[in-house]
Amino acid sequence: MAEQTYREVCSICLNDFQEPKIIDCQHSFCYNCLEDYVHRTSTNGQFLCPLCRQNINLPEGVVKQMANNSNLQIQQCDVCPNIQATCRCRDCQQHLCDSCKSTHDKFVGCKGHSVVTIDEISKQYLQEKCSEIPDDDIKENISENSGSAPVHPADFCPKHSENKIEIHCKDCLVAVCFKCFVKDHNGHTFLDLQEDDVREKIKDELKTLKVEVEEHINKLQNHSISLQSKLSEVEEVAKVACANVDTHVKNICDKIHEIGENIKLEIQKTCNAENEKFTKLMTDIKSLTEYLQFGVKFSTNILENTSIVRVLERLPKVRQEADKCRSRKFNIPDIMYPSFTETEMNERVLRNQIGEVDIHHETRFIKTFQINSFRYVDGFYSSVTTFQGLRWYVKAQKCSHGNPGFYLCLKDTGRRSDILSCQVDYSLKLINHKDENKSVTRHRTRNLNHFEDHTGWGFDNFIQWDIFKNQESGFIDSTNHFNIQLILKLTDIKRAKPRRRNKHYRYRYQHYN
């Protein structure tokens, strides 16, 4: 096979372009080649493209000229936005960047496509028209195919540009002209593309597959939306859990702060008692000191007096005070020193005080009921929802007191689930569609050790019948329907160990059965 080239040449002279021109079907030719071809074949202001045989109008006899490369408008890639194209596939009619071209060339369906660089083709017409072609120079030459329908460029053989594709080789999965089929695909199974029913059958198959793929795309998109919804639920629950942690930690910190303040009050109480004791002692000492100082001053004044009688009168009193001073002891009383001994922080104890992270399986769904169904004595049931291999549904019925009751029920699926036991934490919520805050919610927890049919665990007298049936209350809508939301959590799940099958037993079972 000849090496593929990305150099575009004029399809008339098969040489490099000389003064290239582009016509309405986006094919390019040398100016002289095109001018000569138009003069020879044009009629009634029209001519057939030499490549695709499409009728080309000549408004006022003008041929649009390609701009020089320096004046070309930058062409964007048709696949990647805001990326400049570097080449163009003539078969796919797509402008491609380098990355998209690499991907394009790897596709089996694009094998053999002709790709040319962007520098060798024009991306726009000139803003001004070229000079008009004189009408006298246009010759009348009506083509035999002037009335035929235009043929897409991809429907011509890549090896023989003048031959249309006529045969599809089913063995090689390629479409070729008859000449190529005889030369390279002789003896292969094929489809005759000249037959209308064959072409319609191919188109119908493509349409059918297209619809099937579109339906699958819709399923994928819906599944993606469902996954996004579940992810949003997980993120919202995680957000609420983090907020609960912050609140609980704040409460614990507030309590610890309160305990700390009480400890400080106890310390301050001891300090105040000691302060009162020492203050009294120091006050007594001050009073005694002032009294003795006064006596000393009085004795000094007597000594300065010459009267011996006054000295004799003062002397017994001073002797008595001196005896008291000799007997007085300066002892420091017992002192109580307040202190605080820190205990080592135990992270495990603190973690237990804060709480534990509960990782559980949870689902929530809404079931819709019709209020008129309450006429059934045994109650009525919602559709089944499968969760963790178990089938759950909601039951509604009138209780003995005439009030509605709602229950969570489990369908017999023990053979399908590997769960041996678990704790079921569920909430049933009667939704008020007028005011969400007025919705009625009941919560309960049950332990399950086996999974046969259960008539239901729930709540009798969920709400008073008169309030429930009154549409003004907001529980019943205009069509007499009401909604029950179920939030179901499974924790402490114990699963059965997977069984190992004996290969010899399996062989005997298959052999005798």
Worksheet item: Going through region 330-399, which GluC sites (Glu not before Pro) have at most 16 other Cβ atoms within 10 Å and a DSSP loop state?
Response: 342, 344, 356
Fill in: Label point at residue 323 placed 7 Å out along Cα→Cβ; residues across region 284-304 whose backbone nitrogen lies under 19 Å
292, 295-296
Discussion item. Under 5 Å between amide hydrogens, which residues at least 5 positions from residue 24 or on another chain qualify, with H placed 1.01 Å from N in the peptide plane?
Written reply: none
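What pairs in 250/395; 106/179; 179/201; 264/329; 21/164; 101/170 have C-alpha atoms more than 30 Å from each other?
Numbers: 250/395 41 Å; 106/179 27 Å; 179/201 24 Å; 264/329 36 Å; 21/164 25 Å; 101/170 27 Å.
Pairs exceeding 30 Å: 250/395; 264/329.
Suppose the chain between residue 344 and residue 194 were pulled fully straight at 0.36 nm per residue; how much longer would it get relative to their current alpha carbon spacing? Don't jump to the answer; show the numbers that get you there.
Working: separation 150, 0.36 × 150 = 54.00 nm, distance 9.26 nm.
Here the answer is 44.7 nm.
State the extension gain, in nm to one decimal, for the chain segment bounded by residue 335 and residue 204, taking 0.36 nm per residue of separation less the distance between their alpha-carbons. Walk me through the numbers before you get to the answer.
Values: separation 131, 0.36 × 131 = 47.16 nm, distance 10.62 nm.
Residue separation times 0.36 nm, minus the Cα-Cα distance, leaves 36.5 nm.
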Item to complete: For an R0 of 56 angstrom, estimate the FRET efficiency from the Cβ-Cβ distance between residue 307 and residue 275 and round to the nearest 0.05.
Response: 0.70
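Please give the FRET efficiency for residue 420 paired with residue 472, using the beta carbon to beta carbon distance and R0 = 41 Å, rounded to the nearest 0.05. Kindly include the intermediate steps, with their values, before the conclusion.
Working: r = 48 Å, r/R0 = 1.18.
Computed FRET efficiency for residue 420 and residue 472: 0.25.
Give 411/497; 111/207; 230/367 a once-over and call out the pairs whose C-alpha atoms are over 21 Å from each other.
Details: 411/497 23 Å; 111/207 23 Å; 230/367 18 Å.
Table pairs above 21 Å Cα-Cα are 411/497; 111/207.
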Discussion item. Please compute the modelled spin-label separation between residue 465 and residue 493, points set 7 Å along Cα→Cβ, answer in nm with one decimal.
Written reply: 4.0 nm
Fill in: Spin-label pair residue 227/residue 12, simplified geometry with 7 Å Cα→Cβ offset, distance in nm
5.6 nm
Item to complete: State the dimensionless ratio Rg/Rh of region 361-495 (Rg: radius of gyration of Cα atoms; Rh: Kirkwood radius).
Response: 0.99
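Would you please give the FRET efficiency between residue 255 and residue 445, computed as 1/(1 + (r/R0)^6) with r the Cβ-Cβ distance and R0 = 22 Å, to the nearest 0.05?
Working: r = 27 Å, r/R0 = 1.24.
With R0 = 22 Å, the Cβ-Cβ based efficiency is 0.20.
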Item to complete: Rank these for me by crowding, 21, 210, going from fewest to most other beta carbons within 10 Å.
Response: 210, 21
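Once you have the Cα-Cα distance between residue 352 and residue 216, take 0.36 nm times their residue separation minus that, and quote the gain in nm to one decimal. Let's see the in-between values first.
On the way: separation 136, 0.36 × 136 = 48.96 nm, distance 5.00 nm.
The span from residue 352 to residue 216 would gain 44.0 nm if fully extended.
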Response to the item:
Taking only the alpha carbons of region 263-413, the radius of gyration and the largest Cα-Cα distance, Dmax, both in angstrom, are 45.7, 130
Item to complete: Take the Cα coordinates of region 311-373, assign each an equal point scatterer, and use the Debye formula without solvent to give log10 I(q)/I(0) at q = 0.18 Å⁻¹.
Response: -0.94
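Every number in this text was worked out from the coordinates using simple rules, so none of it is lab data. Since the structure is predicted, the reported quantities are computational estimates derived from the model, not experimental observations. A quick note on method: Cβ atoms are made from the backbone with ideal geometry, for glycine too, and the neighbour counts reach across all protein chains shown.
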